[in-house]
Amino acid sequence: MKKFEIFVKLFVVLLVIFCFESYFKGEIIQKTFMDINEYYHLESGPNPFYSVFICESKGNLDCFVVEEISNQDKNYLIGKMENNQYFYINYSDNNKKKFNLTKEEIEKIFSQKIKLEKSKKYINKYGKDEFNIFEEMLAAKFIKTLLFTPIILMLIKFKIYPKSWDKE
């Protein structure tokens, strides 16, 4: 029974570590859509490997990859696109928008240094729930833990670890 107890304890510890790792890496992306104004919105897929896009809601429906985003004065959404270009969009007035700016131009327009956060974090914080992947993430971490636990136990049993650990 002692071997089973060790297995269960190690399994629980690894599962907790893997889940916290996912949480702190921002892999639990549940919110995938956010309206900016009548003409633009942010969207992303249900897992962390999807990029966040800013898309037109009306007109030609163009979409651009957004790497970092921030609110500015609660009136503007400011972001950095994939091509290292910046943009801003007013939440309430569609005529107050501009794309393909440099960082210096953005800082000059808003007369302050701009702090941006990762677009995945931003959309998860302020967006709407489209998909809830918590159960899928938990199942994947459970399977990963099931695979890693016996491997780690075998490594410990057969002393397949650095020799420097024996000196302690």
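The values are calculated or read from the model by the stated rules, or taken from the named source; none is laboratory data. Since the model is a prediction, treat every value here as computed from it, not as a measurement. Here Cβ is always computed from backbone atoms with ideal geometry, including for glycine, and neighbour counts include all displayed protein chains. When the accessible area is computed, the model is the full protein with side chains, heavy atoms only, and any ligands, DNA or RNA have been set aside. Shrake-Rupley method; radii C 1.70, N 1.55, O 1.52, S 1.80 Å.
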*Which members of the stretch 100-128 meet the condition of being within 24 Å of the chain's Cα centre (by Cα) and either acidic (Asp, Glu) or open to solvent by less than 80 Å² (accessible area, probe 1.4 Å) (or both)?*
Ile114, Leu116, Glu117, Ser119, Lys120, Tyr122, Ile123, Asn124, Gly127
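Look through the stretch 9-63, keep the residues that are assigned to a loop (DSSP other than H, G, I, E, B) and among the aliphatic types (A, V, I, L, M), and return whichever of them is modelled with the lowest pLDDT.
First, the residues of the stretch 9-63 that are assigned to a loop (DSSP other than H, G, I, E, B): 26-30, 36-39, 44-51, 57-62.
Next cut, among the aliphatic types (A, V, I, L, M) only: 28-29, 36, 61.
Values: Ile28: 61, Ile29: 57, Ile36: 88, Leu61: 72.
Step by step, filter the stretch 9-63, then rank; the result is Ile29.
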_Take Asp73 and tell me if it is surrounded by 13 or more Cβ atoms within 10 Å (Cβ to Cβ), more than 30 Å from Leu15 (Cβ to Cβ) and at pLDDT below 90._
no
